[in-house]
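Below: the structure, in structure tokens.
The values are calculated or read from the model by the stated rules, or taken from the named source; none is laboratory data. The structure presented is a predicted model; accordingly, all values stated were derived computationally and were not measured. Glycine also receives a Cβ, built like all others from the backbone with ideal geometry; neighbour counts cover every protein chain displayed. With ligands, DNA and RNA removed, areas are computed over all heavy atoms of the protein, side chains included. Shrake-Rupley method; radii C 1.70, N 1.55, O 1.52, S 1.80 Å.
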Amino acid sequence: MTELKGKHVAAMFISGFGIIIAVNLTLAWNAVQTFPGLEVKNSYVASQSFDADRAAQLALEWDVRAFIQADQLVLEILKDGDPVQPIITSAVFSRATSVSVDQTPDFKFDGAVFSAPVQAGLGNWNLRIVAKADNGTTFRQRIIVEVVQ
């Protein structure tokens, strides 16, 4: 057995801290690369009309839900139990923490619900929609879609 010397202890410290630093740098790089970005460009400007926009959206009295059914993303928008068919101006189906699997569903309305083919793995997904009501009100919502088997 060899004698433990200062150079051996130094090598152990350098190796140990080298591994820790390498792991931290890898995790930090992955966090920055998968960050989806900002919600709005200027939060101050967005806040100026927030209360009025929210009140107008709540006045629509829509009940909105989304779910996966046979590889189809189904979006149901109801008012007083009856289907509503707004104009969907944008929709993004994505994971909460990454933009690498973002999908833009092409919704079709069948008289009761909107549906679009998507590829969704297990877990939580976000559906972010922007729709225009018949009266011109803009409706924005993030809907959590849980995919289970």
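If you go through region 3-53 and pick out every residue that is open to solvent by 100 Å² or more (accessible area, probe 1.4 Å), closer than 19 Å to Ser98 by Cα and either basic (Lys, Arg) or assigned to a helix (DSSP H, G or I) (or both), you end up with 6.
Quick one: count up the residues across region 84-113 that are open to solvent by less than 30 Å² (accessible area, probe 1.4 Å), under 16 Å from Ile144 (Cα atoms) and not aliphatic (A, V, I, L, M). Of the residues in region 84-113, 4 are open to solvent by less than 30 Å² (accessible area, probe 1.4 Å), under 16 Å from Ile144 (Cα atoms) and not aliphatic (A, V, I, L, M).
So that you can scan it fast, the table gives a plain yes or no per residue for (1) in contact (Cβ under 8 Å) with a residue 24 or more places away in the chain; (2) within 30 Å of Val32 (Cβ to Cβ); (3) not aliphatic (A, V, I, L, M):
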residue: Lys79; (1), (2), (3): no, no, yes
residue: Asp82; (1), (2), (3): no, no, yes
residue: Gln85; (1), (2), (3): yes, no, yes
residue: Ile88; (1), (2), (3): yes, no, no
residue: Ala91; (1), (2), (3): yes, yes, no
residue: Ser94; (1), (2), (3): yes, yes, yes
residue: Thr97; (1), (2), (3): yes, yes, yes
residue: Gly111; (1), (2), (3): yes, no, yes
residue: Ser115; (1), (2), (3): yes, no, yes
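Within the set Phe139, Phe67, the sole residue that is touching a helix residue (DSSP H, G or I) at 6+ places or on another chain (Cβ under 7 Å), on the phi < 0 side of the Ramachandran plot and outside any loop (DSSP other than H, G, I, E, B) turns out to be Phe139.
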